[in-house]
Amino acid sequence: MAAGRLRAVSLATTLALALTLGLALAWGASAEGKPNKPVPEDRIANIQLLGINDFHGNLEARTLNGRAAGGAAYVDSYFDRYEARNPERTIRV
């Protein structure tokens, strides 16, 4: 009895995966087939994203040639400078 139940669950799982894959492929193919309409200029927004993804825990500034270099405060001041150029359309990530 357990072998029959295992076979039924395996078949149901295989069918579900096959159906999911088939639907994903069909959906992707239909999305590519539609021509893109140009976006009107008044619907386009220029934004500025400010972020850093390679910080590695360097929160404190280091001393280099007798001067503080780097650190979180430096990065924050750098972001402040660039955000001031476009304050209404800047996103910090």
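Quick notes
- Approximating the spin labels as points 7 Å out from Cα along Cα→Cβ, the residue 23-to-residue 64 distance works out to 5.3 nm.
- Cα gyration tensor shape of the chain, rounded if a/c is under 1.5, else prolate or oblate by comparing a/b with b/c: oblate
- Note on residue 75 and residue 10: their simple-model spin labels are 5.1 nm apart, each label 7 Å out from Cα toward Cβ.
- Peptide packing for 78-91, 2-15 was compared via the average number of neighbouring C-beta atoms within 10 Å per residue; ordered from the highest value, the list is 78-91, 2-15.
- Residues with amide H under 5 Å from that of residue 92, placed H, sequence gap 5 or more: 50
Throughout, read-outs are computed from the coordinates displayed, never taken from laboratory work. Being a predicted model, the structure only gives us computed values, none of them experimental. Quick reminder, even Gly has a Cβ in these numbers, built from the backbone with ideal geometry, and neighbours come from all protein chains shown.
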